[in-house]
1. Output the residue which, of all residues in region 121-139 that are in contact with a Leu (Cβ under 6 Å, 6 or more places away or on another chain) and in contact (Cβ under 8 Å) with a residue 40 or more places away in the chain, is surrounded by the fewest Cβ atoms within 10 Å (Cβ to Cβ).
2. For region 281-313, which positions are open to solvent by 100 Å² or more (accessible area, probe 1.4 Å) and of a type in the set (Phe, Trp, Tyr)?
3. Residues that are open to solvent by 50 Å² or more (accessible area, probe 1.4 Å) and at pLDDT 90 or above: find the helices (runs of 4 or more DSSP H) completely inside region 196-272 holding 1 or more of those.
4. Residues 252, 264: which one is in contact with a helix residue (DSSP H, G or I) (Cβ under 7 Å, 6 or more places away or on another chain), over 29 Å from residue 151 (Cβ atoms) and in contact (Cβ under 8 Å) with a residue 12 or more places away in the chain?
5. Can you tell me which residue in region 147-187 is modelled with the lowest pLDDT, limited to those that are under 29 Å from residue 84 (Cβ atoms) and of a type in the set (Phe, Trp, Tyr)?
6. Please find, among 189, 270, 179, 224, the residue that is closer than 30 Å to residue 298 by Cβ and free of Cβ contacts under 8 Å to residues at least 40 places away in the same chain.
7. I need the full set of residues from region 100-157 which are in a loop (DSSP other than H, G, I, E, B) and farther than 27 Å from residue 244 by Cβ, in order please.
8. Taking region 162-176 on its own, how many of its residues are under 13 Å from residue 127 (Cβ atoms) and basic (Lys, Arg)?
Amino acid sequence: MIFGFALLVIAGYLAGPQPKAYIFTVIGLWLVARLSFWFAPIFLRTAKKWRNKSAGFVLVGLGIAAVGFHLAMQSNQPDDWRLRLLLETVLLLSILMFYMGGRIIASALAGHFQSQNRFLKDRVQPRFEGSVLILLFSVLVLNLLPFAWVKFTIAALLLLSALLCVVRVLRWRPWWSYGRADLLAMLLGYSWIIVGWVGIALSLITANFPITKALHAITIGALGTLTFTVMSRTRSHRVLRDTNAKPFVFVLALLITAAALLRLNPTWLGYSQSIFLAVCCWSFAFIGLFFWLIWLNKVEKKVKRQRQLMQDK
């Protein structure tokens with residue numbers, strides 16, 4: 001009643017006379033917000049294990065963190081608080097990529113190894129996954145506390161999370177997938193999460209490594225590479241029935257890694273030069289992905305026309 005009906009009445013009163021399109025848009029957004037109140041708990045209840053439910057809480061947390069960050073930018077909040085909210089958002093992103101990326105990679109590796117008459121025993125590795133999730137959720141809580149000892153504790157937890165994640169990746173036996181460019185690209189993107197956690201930990205311990213640089217490992221290296229790879233694999237499987245039909249496409253993922261390394265601003269390059277080269281690498285990679293998706297779309301339409309002709313005959 002307070003957050004639903006009352007706020008709608010207040011918004012209508014303050015807005016005054018508005019065009020019908022504006023009114024219906026506001027009412028539509030209000031209805032979506034009210035419906036989400038009912039569907040969100042259902043979404044969280046569908047998962048039985050707490051590790052699976054954590055993805056729902058991370059999504060909710062991302063929304064809250066995004067709103068909080070933008071509100072802090074509009075207010076007179078100190079820079080330290082804005083940086084905390086930014087770090088909170090990036091850490092939530094890393095948790096989501098750790099969870100979802102781990103599930104995708106484990107399944108893909110197991111399927112590939114099975115085709116080679118090999119068995120991957122350690123797939124999801126729930127103990128490692130659960131331990132890392134607990135550590136990272138603890139980091140999210142500690143990050144909001146104003147005590148001096150918090151930075152060192154967060155750094156220790158992030159380093160421990162990175163170590164556990166390294167062990168998890170090694171137990172996947174990535175060396176068995178040396179002939180699969182798509183799987184190697186996904187493992188590369190997943191590894192950038194580890195680099196990001198280590199970088200953030202180092203930035204909290206020493207002032208010689210700014211945290212703004214460390215965040216690029218997650219936002220460019222991990223997010224960029226995993227996004228590129230998942231989009232390529234999904235469309236390739238749908239159209240060509242083979243996620244690794246054209247391995248050369250996944251070589252472009254190396255450009256995203258180059259962009260991430262350049263945004264870490266190597267000492268042998270100036271700041272402006274590193275940004276320019278990083279932008280070029282990132283742009284070339286996703287322009288290549290764009291043309292690849294266009295080509296797959298044409299192939300898909302051609303296949304559909306051929307099937308239609310066969311049915312007509």
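The values are calculated or read from the model by the stated rules, or taken from the named source; none is laboratory data. Predicted model, so just to flag it, every value in this text is computed and none were measured. Counting neighbours? That spans all protein chains shown, and the Cβs are built from the backbone with ideal geometry, glycine included. Ligands, DNA and RNA are excluded from the accessible area calculation, which covers all protein heavy atoms including side chains. Shrake-Rupley method; radii C 1.70, N 1.55, O 1.52, S 1.80 Å.
1. Going through the qualifying residues, I end up with 128.
2. From region 281-313, those open to solvent by 100 Å² or more (accessible area, probe 1.4 Å) are 284, 290-291, 295, 298, 301-302, 304-305, 307, 309-313; that's our starting set.
Matches in region 281-313: 284, 290, 291, 295.
3. On the way: elements: 211-216, 223-240, 253-263.
Result: 223-240, 253-263.
4. Values: 264 fails: over 29 Å from residue 151 (Cβ atoms).
Result of the check over 252, 264: 252.
5. If we take residues in region 147-187 being under 29 Å from residue 84 (Cβ atoms) and of a type in the set (Phe, Trp, Tyr), then 147 is modelled with the lowest pLDDT.
6. Working: 189 fails: free of Cβ contacts under 8 Å to residues at least 40 places away in the same chain; 270 fails: closer than 30 Å to residue 298 by Cβ; 224 fails: free of Cβ contacts under 8 Å to residues at least 40 places away in the same chain.
Criteria check complete, one pass: 179.
7. Initially, region 100-157 is screened for residues in a loop (DSSP other than H, G, I, E, B), giving 116-125, 143-149.
Residues satisfying the conditions are 143, 144, 145, 146, 147, 148, 149.
8. Qualifying residue count, region 162-176: 2.
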